[in-house]
Amino acid sequence: MPWTAASRSMLKAPVNRIIPFSNVDGPGNRTAVFFQGCPFNCLYCHNPETIHLCQSCGACVKTCPAGALTLGGDGAVHWDSAACVQCDTCIRTCPHDASPKVRWMTVEELMTELRRSMPYIRGISTSGGECTLQNEFLIELFTEVRKLGKTCLIDSNGSFDFEKDPRVLRVSEGVMLDVKAVEKRWSDQLISHPRDTVLKNLDYLLKVGKLYEVRTVILPDRDRENEETVRYVAAHIGDGCFYKIIRYRPFGVRERWQKLLGEFETDRDYAERYAQLARDLGAKKAYVV
C-alpha cells in the first residue's frame, strides 16, 4: 500500500545500517534495521560505533583510503556511499564510538528500501544501538510494515519503560530483551547505566505477552555474576519465552575492555552449564549460541 500525502511524516531517525536478510534476529528470515545511539556503554559491546552520534571531529576524513569522507563547509562530515569500500577504517579511527556513515531517514525513505526484501522475509527486527530511542519513529514504521502483512520485533536493552508508554507494543509482535546483569554493582560496571528499568520490563513484557526472548551474555571466568543473572531470569520467565545464552566473543569489543573481559570467546561447554541451569529452573526454552 503506497503512502498517501496525509500519512507522510517528516520524522527522521539515524539509521546505522540495514541487513536485508538475517536468520539470527528473530524467527524466520528477517530484515534487521540498526539505529544509531545507545544510553548504555556495555564493556563487551561488539558494535560500539553505534553508541554515539558523529561529532564531526574530522579524524576519519584523514584516514579514509577511498576518499569517501569529506568535511563540508557546514562543519559536518559527509559520507559518499558510492565511493565507500566498506573497510571500516573510519570506525576504527573514531575516538567517540560513532560512525560517519549514519543516514537520517524518514519512514517513507526506509520503507522504500525495506520493500525490496519484503517478498522474501517474515518481518523486520529493529536493533541498534538502542532502537527505542526512536520510539515515535518505530510506531510509524511498524504501522506501515504491518500493512504489508509482515511482523515487527524489537531488540532492546530494556532502557525504555514499555509500561509507561506501551504504544509501540501495540504495533509489534514483541521484544527480544537483553538482561545483561542483575547484581547492582556488577551491572553498574558492565553497562554504565541503572538496570532497574530492565528488570521491570522483564516482568511487564512477560505479563502482557510481549516477551519473545531474553538474552544474556555469558562471560568467561565470571561464575558468580553469570549464575546470579541466569538464576534470576530463569525464575522469572519459566517456559514463557525463549532464553538465549550467548557466548561472549571478543570480536568488535574495544581493546581496552578485551583485557578485562577476556581475549577469547566463552567455551561452549561452559555456556551450556548455564543453559542447563536455566532449564533446571524451569526455563525450558534456554539454548546456547
Report summary line: Over region 63-93, the set of residues assigned to a helix (DSSP H, G or I) and among the β-branched types (Val, Ile, Thr) is 63, 89, 91, 93
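Could you identify the single residue in 117, 56 that is over 22 Å from the mean Cα position of the chain (by Cα) and farther than 30 Å from residue 189 by Cβ? Can you show your working first?
Numbers: 117 fails: over 22 Å from the mean Cα position of the chain (by Cα).
Exactly one residue qualifies, and that residue is 56.
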Query raised in the report: So which pairs qualify, if the first residue must be in region 116-132 and touching a residue at least 24 places away in the same chain (Cβ under 8 Å), the second must be in a loop (DSSP other than H, G, I, E, B) and of a type in the set (Phe, Trp, Tyr), the Cβ gap must be under 6 Å, and the two must be at least 6 apart or on different chains?
Result: 132/160
Requested in this report: Would you tally the residues in region 67-95 being more than 27 Å from residue 254 (Cβ to Cβ) and under 22 Å from the mean Cα position of the chain (by Cα)?
Outcome: 0
Report task. Give, as residue ranges, the helices (runs of 4 or more DSSP H) completely inside region 123-191 that count at least 2 residues that are among the acidic types (Asp, Glu). Result -> 135-147
Report summary line: Here the residues within region 71-114 that are on the phi > 0 side of the Ramachandran plot and touching a Pro at 6+ places or on another chain (Cβ under 9 Å) are 97
Query - Tally of residues being surrounded by fewer than 23 Cβ atoms within 10 Å (Cβ to Cβ) and within 16 Å of the chain's Cα centre (by Cα) across region 127-151 - result: 2
Query - Verdict on residue 58 being surrounded by 14 or more Cβ atoms within 10 Å (Cβ to Cβ) and closer than 17 Å to residue 134 by Cα - result: no
Query raised in the report: Restricting attention to region 208-236, which residues are farther than 22 Å from residue 166 by Cβ and assigned to a loop (DSSP other than H, G, I, E, B)?
Result: 219, 220, 221, 222
Query - Matching residues in region 217-252 - criterion: being touching a helix residue (DSSP H, G or I) at 6+ places or on another chain (Cβ under 6 Å) and among the basic types (Lys, Arg) - result: 247
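State yes or no: is residue 76 at pLDDT 95 or above and of a type in the set (Gly, Ala, Ser)? Can you show your working first?
On the way: at pLDDT 95 or above: no; of a type in the set (Gly, Ala, Ser): yes.
When the stated conditions are applied, residue 76 does not pass them.
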Query raised in the report: Restricting attention to region 276-288, does a residue exist that is surrounded by fewer than 14 Cβ atoms within 10 Å (Cβ to Cβ) and in a loop (DSSP other than H, G, I, E, B)?
Result: no
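The values are calculated or read from the model by the stated rules, or taken from the named source; none is laboratory data. All of these numbers come straight from a predicted model, not from anything done at the bench. Every residue, glycine among them, receives a Cβ derived from its backbone with ideal geometry; neighbour counts consider all protein chains shown.
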